[in-house]
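Undergrad: First, the structure itself, so that you have it in front of you.
The values are calculated or read from the model by the stated rules, or taken from the named source; none is laboratory data. Remember, it's a predicted structure, so these values are computed and weren't measured experimentally. As a convention, Cβ positions derive from the backbone with ideal geometry for all residues, glycine included, and neighbour counts pool all protein chains shown. Accessible surface areas use protein heavy atoms only, side chains included; no ligands, DNA or RNA. Shrake-Rupley method; radii C 1.70, N 1.55, O 1.52, S 1.80 Å.
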Amino acid sequence: ERGNYRHFMLKEIFEQPRAVADTLEGRLAGGRVLEEAFGYGAAEVLDGVREVQILACGTSYHAGMVARYWLEAVAGVPCSVEVANEFRYRRPVVRPDTLVVTISQSGETADTLAALRDIKARVGSRALAICNVPESSLVRESELVLMTRAGPEIGVASTKAFTTQLTALLLLTLALARRNGLPAEREAEYVAALEELPRRIERALELNDAIDALAADFADKHHSLFLGRGPLYPVAMEGALKLKEISYIHAEAYPAGELKHGPLALVDGEMPVIAIAPNDDLLEKLKSNLQEVRARGGRLVVFADTAAGMDDGEGVRTFPLEHSHELIAPVVYTVPLQLLAYHVAVIKGTDVDQPRNLAKSVTVE
Ligand code: F6R
């Protein structure tokens with residue numbers, strides 16, 4: 001039930017510290033990821049993995065896009081990610097030592113299921129499902145399963161399912177990284193970052209009132225751009241999808257370095273630009289991209305690490321987030337973008353939990 005929340009979506013956004021903590025529960029110990037979490041016989045399957053192919057749709061696809069950065073940078077495993085509805089129609093090359101990872105909140109998305117069935121029949125790949133519904137088709141048909149424990153998600157726009165998928169994908173990353181020489185003390189550092197995640201999400205939720213006050217500036221806009229770099233680029237994609245889905249404002253995400261290759265032509269005072277700026281090694285590059293936006297009269301909203309040295313100024317609104325470990329930053333920075341989409345939709349008076357034309361689970365192809 002909704003309790004004191006006006007919409008399920010807001011309730012589900014605020015449930016994220018709990019949902020992420022539940023997803024970690026019993027899966028970490030002594031500075032290590034426990035492989036039993038992936039199911040019986042998981043260690044032997046993971047030993048044989050040389051590549052990862054992620055298949056998903058919508059928000060779950062964005063989680064996969066983030067995971068590609070982690071799997072390659074942290075685990076050293078080549079990773080491809082594709083929307084299942086394209087993958088299944090193009091006879092892609094998949095090798096027997098590729099682990100096929102499907103990501104789905106419902107476990108009933110027709111395209112994701114069909115892509116998995118096809119690849120199992122053609123190649124016989126090993127398959128891991130990251131899913132939120134234990135009794136779903138996807139779970140039944142996958143050899144390994146890592147459940148997200150978000151609890152039922154009622155709002156059509158996915159929120160806590162996404163952050164718990166990211167959490168599960170971090171567990172997978174660390175389990176594979178260990179096989180590729182990640183030193184135990186590094187794993188312990190990453191596990192400590194994961195253990196901090198629920199608290200960091202709680203802190204990000206404290207921006208709720210400030211974001212609510214900002215939302216009025218968006219309600220009359222028709223277009224917006226979301227920028228991020230590295231693993232924050234797919235987080236920007238997810239922020240753009242949320243705004244599109246529930247507030248019906250056209251939103252596009254770009255890796256900030258692509259701006260000058262075209263989209264900068266769109267920037268003017270009527271096009272809000274939302275940027276996410278954790279304090280990572282791409283920060284200086286991102287800052288110069290944002291300068292380009294300012295120089296064209298663009299209005300910027302920046303969610304930035306308190307240590308990033310970004311301040312409010314002419315045409316720039318900054319919302320500070322306390323420092324998070326680089327590994328978990330994509331999860332933490334998702335939260336203010338969810339809140340922004342939510343509050344803009346409330347001002348516009350849309351049906352937040354049941355946006356027009358959309359269904360919670362897409363069981364048609
Ligand atoms: C977006 C959203 C959809 C789903 C997509 C996949 O907010 O909810 O984009 O993410 O339809 O659904 P699942 O994860 O159930 O496979």
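Undergrad: Given the structure, is ALA114 within 16 Å of the ligand (Cβ to nearest atom), buried (at least 23 other Cβ atoms within 10 Å of the Cβ) and either free of Cβ contacts under 8 Å to residues at least 24 places away in the same chain or farther than 20 Å from LEU241 by Cβ (or both)? Quick ask: steps written out before the conclusion?
TA: On the way: within 16 Å of the ligand (Cβ to nearest atom): yes; buried (at least 23 other Cβ atoms within 10 Å of the Cβ): no; either free of Cβ contacts under 8 Å to residues at least 24 places away in the same chain or farther than 20 Å from LEU241 by Cβ (or both): yes.
Against the criterion (within 16 Å of the ligand (Cβ to nearest atom), buried (at least 23 other Cβ atoms within 10 Å of the Cβ) and either free of Cβ contacts under 8 Å to residues at least 24 places away in the same chain or farther than 20 Å from LEU241 by Cβ (or both)), ALA114 does not qualify.
Undergrad: Residue by residue through segment 50-76, note down the ones that are closer than 16 Å to ALA127 by Cα and not in a helix (DSSP H, G or I).
TA: Within segment 50-76, ARG50, GLU51, VAL52, GLN53, ILE54, LEU55, ALA56 qualify.
Undergrad: Which pairs do you get when a residue that is free of Cβ contacts under 8 Å to residues at least 60 places away in the same chain and open to solvent by 30 Å² or more (accessible area, probe 1.4 Å), found in segment 13-37, comes within reach of a residue that is outside any helix (DSSP H, G or I) and charged (D, E, K, R), reach meaning Cβ atoms under 7 angstrom, with the pair 6+ apart or on two chains?
TA: Note: pairs meeting the criteria are LEU34/ARG27.
Undergrad: Moving on to the next point. If LYS160 satisfies every condition in (1) more than 24 Å from TYR40 (Cα to Cα); (2) of a type outside the set (Asp, Glu); (3) open to solvent by less than 10 Å² (accessible area, probe 1.4 Å); (4) within 10 Å of the ligand (Cβ to nearest atom) but one, which is the exception?
TA: Of (1) more than 24 Å from TYR40 (Cα to Cα); (2) of a type outside the set (Asp, Glu); (3) open to solvent by less than 10 Å² (accessible area, probe 1.4 Å); (4) within 10 Å of the ligand (Cβ to nearest atom), only one is false for LYS160: (4).
Undergrad: Looking only at segment 211-246, filter to residues that are open to solvent by 30 Å² or more (accessible area, probe 1.4 Å) and part of a helix (DSSP H, G or I); which one of those is farthest from THR318 (Cα to Cα)?
TA: Per the stated criteria, the residue is GLU245.
Undergrad: Also, quick follow-up: Filter segment 39-75 for residues that are of a type in the set (Gly, Ala, Ser) and in contact with a Lys or Arg (Cβ under 9 Å, 6 or more places away or on another chain) and give the result.
TA: GLY48, ALA75, listed by residue number.
Undergrad: Being touching a residue at least 12 places away in the same chain (Cβ under 8 Å) and away from the ligand (no atom under 14 Å from the Cβ) is the filter; apply it to segment 93-111 and report the residue that is most open to solvent (accessible area, probe 1.4 Å).
TA: My answer is ARG95.
Undergrad: Step by step: first the residues of segment 76-92, then only those that are in contact with a helix residue (DSSP H, G or I) (Cβ under 6 Å, 6 or more places away or on another chain) and without any contact (Cβ under 8 Å) to a residue 60 or more places away in the chain, then the one that is surrounded by the most Cβ atoms within 10 Å (Cβ to Cβ). Which residue is that?
TA: Going through segment 76-92, the residues in contact with a helix residue (DSSP H, G or I) (Cβ under 6 Å, 6 or more places away or on another chain) turn out to be 77, 79, 81, 83-85, 87-88.
From the residues that got through so far, the ones that are without any contact (Cβ under 8 Å) to a residue 60 or more places away in the chain too are 79, 81, 83-84, 87-88.
Working: CYS79: 22, VAL81: 23, VAL83: 18, ALA84: 28, PHE87: 25, ARG88: 21.
The extreme case among them is ALA84.
Undergrad: Only one of these conditions is not met by TYR89: (1) away from the ligand (no atom under 16 Å from the Cβ); (2) in a helix (DSSP H, G or I); (3) among the aromatic types (Phe, Trp, Tyr). Which number is it?
TA: Here TYR89 meets the rest and fails (2).
Undergrad: Looking only at segment 209-251, count how many residues are within 16 Å of the ligand (Cβ to nearest atom), touching a residue at least 24 places away in the same chain (Cβ under 8 Å) and of a type in the set (D, E, K, R).
TA: 3
Undergrad: Quick one: what pairs do we get from segment 345-358, first residue in a loop (DSSP other than H, G, I, E, B), second open to solvent by 60 Å² or more (accessible area, probe 1.4 Å) and more than 12 Å from the ligand (Cβ to nearest atom), C-beta under 8 Å, 6+ apart or different chains?
TA: THR350/TYR248; THR350/ARG356; PRO355/TYR248; ARG356/TYR248
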